[in-house]
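Written below as structure tokens is the structure these notes are about.
What follows draws every value from the coordinates through simple rules; no lab data is involved. All figures in this text were calculated on a predicted structure; none of them were measured in a lab. For neighbour counting, all protein chains shown are included, and Cβ atoms are generated from backbone atoms with ideal geometry for every residue, glycine included.
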């Protein structure tokens, strides 16, 4: 699964490096559009709570990786074998009842006067 996350990061760093840093810029982006941040924080989504959550996470990751795959190959950011290994890694992760995967979600509540 680490390879799959590495491939995702390769794509976003290549396409727009600031995409990976959106959370820390969230307040300034909102202020730039006339909003006043009231609260900034984060929550975590547990993609490993149970077999159904893991299956949903694997299906989503596979869709994402399969749609990004041709672009990663075309831009020389990954090889076909890396993509296949990443897909296999997600499948193995999804079948492991002890697997853990949390995703951080940056959040901001703002108002516009």
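General observations
- Whichever residue in the stretch 97-106 is assigned to a loop (DSSP other than H, G, I, E, B) and either without any contact (Cβ under 8 Å) to a residue 12 or more places away in the chain or touching a helix residue (DSSP H, G or I) at 6+ places or on another chain (Cβ under 8 Å) (or both) and, among such residues, is nearest to residue 60 (Cα to Cα): 101
- Cβ-Cβ distances below 6 Å connect the following pairs, each with a first residue in the stretch 22-37 that is at negative phi and touching a residue at least 60 places away in the same chain (Cβ under 8 Å), a second residue that is surrounded by 12 or more Cβ atoms within 10 Å (Cβ to Cβ) and outside any strand (DSSP E or B), and a separation of six or more residues or different chains: 37/27; 37/30.
- All positions within the stretch 48-85 that are surrounded by 13 or more Cβ atoms within 10 Å (Cβ to Cβ), touching a residue at least 60 places away in the same chain (Cβ under 8 Å) and either over 14 Å from the mean Cα position of the chain (by Cα) or not in a helix (DSSP H, G or I) (or both): 71, 72, 77, 78, 82, 83, 85
- Any chance residue 110 is surrounded by 12 or more Cβ atoms within 10 Å (Cβ to Cβ), in contact (Cβ under 8 Å) with a residue 12 or more places away in the chain, more than 17 Å from the chain's Cα centre (by Cα) and not in a loop (DSSP other than H, G, I, E, B): yes
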